[in-house]
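Just so it is clear, none of the values below were taken in a lab; they were calculated from the coordinates. Source: prediction; values computed, not measured. Glycine also receives a Cβ, built like all others from the backbone with ideal geometry; neighbour counts cover every protein chain displayed.
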Amino acid sequence: MAAANNLAVLSRSFCVAAKSIKPPIQVFGLEGRYATSLYSAASKMQQLDQVEKDLNALQVALKSSASLRMAVTNPIINKKVMSTTLMDTVGKLKMAPATGNLLGLLAENRRLKNLDTVITAFKTIMAAHRGEVVCEVVSAKPLDSSQNKQLESALKAFLKGNQQLKITSRVDPSLIGGLIVSIGDKYVDMSIATKVKLYTDVITSSA
């Protein structure tokens, strides 16, 4: 009962603290709203760096702790058990109050399943806060060094002033070929899979 009450208090204080301060970049969707509120609250509480460290540690904990992972992802788990597990994690990892507030709010609203995407959205905001422009490159197979250099050179054209480019890459064989590039609020799909689907849709609709 105490854990649930603590979470309720944390979530209320989170809502109060999360007024006015806007992030340097707009992040959309449900995860964007939570991440934006967290940024605002952590800014006012001067806990931005600590919150970012907390969330990185939390992602590691989610991968290594089966009980924590179940508390976050299981839709039928008892709310009291969920609250207790979360508060234990906040205490063990010595998280900042703003981080605890986020977890409390997510738990109260039954949104803990969105925790990972909220963390990712917050990382995007923090990257912009540091003057970094986050770019995700998805390719059908790993790019070689020459391709990476060409891509990086092309992407730098999107930068302004003292911005720094931060590229993350992942491989998705289902693309067949080509690339999908997301940089800031821009999204470019140059994958063969998308072209195949487009042509297939055109053929099907004209049949």
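General remarks:
- Helix content alone sets the calculated 222 nm mean residue ellipticity of the chain: runs of n ≥ 4 DSSP H residues at -39500 (n - 2.57) each, divided across all residues, give -19000 deg cm²/dmol.
- Taking a point 7 Å out from the Cα of Leu159 in the direction of its Cβ, the residues of the range 181-199 whose backbone N falls within less than 20 Å of it are 181-188.
- Candidate values (1) 1, 7, 13, 16, 15, 13, 12, 10, 8, 4, 2, 1, 0; (2) 1, 7, 14, 18, 19, 15, 9, 6, 4, 3, 2, 1, 0, 0; (3) 1, 6, 12, 13, 11, 8, 8, 7, 7, 7, 6, 5, 3, 2, 1, 1, 1, 0, label of the one derived for P(r) over Cα pairs in 5 Å bins from 0, in percent: (1)
- At an R0 of 30 angstrom, the distance between the Cβ atoms of Arg130 and Arg110 translates into a FRET efficiency of 0.40.
- When each of Leu175, Leu165, Leu103 is scored by the number of other beta-carbon atoms lying within 10 Å, the sequence from fewest to most is Leu165, Leu175, Leu103.
- The chain, relative contact order [Cα under 8 Å, separation at least 6], %: 21 percent
- Under a model in which nothing but the beta-carbon of Lys, Arg (+1) and Asp, Glu (-1) is charged, the range 131-206 shows a dipole of about 120 debye around its Cα centre.
- One chain, two ends: Asn56 and Val171. Fully extended at 0.36 nm per residue, the span grows by 39.2 nm beyond their Cα-Cα distance.
- Using Cβ point charges alone (K and R +1, D and E -1), the dipole size of the chain about the Cα centre works out to roughly 420 debye.
- Listed from fewest to most Cβ neighbours within 10 Å, the set Thr89, Thr120, Thr84, Thr200 follows the order Thr200, Thr120, Thr84, Thr89.
- Summarising the label geometry, the points placed 7 Å from Cα in the beta-carbon direction at Asp201 and Ser182 lie 1.9 nm from one another.
- Top positive-direction residue, dipole computed over the chain with Cβ charges, set Ala121, Val51, Met190: Val51
- Sorted by Cβ neighbour density within 10 Å, fewest at the top, the residues Tyr187, Tyr39: Tyr187, Tyr39
- Between Lys63 and Leu30, the modelled label-to-label distance comes to 2.4 nm, taking each label 7 Å out from Cα in the direction of the beta carbon.
- In straight-distance terms, cross-link reach from Lys113 covers every one of the lysines whose alpha-carbon lies under 29 Å from its own, apart from those fewer than eight places away in the same chain; here that gives Lys19, Lys22, Lys44, Lys53, Lys63, Lys79, Lys80, Lys92, Lys94, Lys123, Lys166, Lys186.
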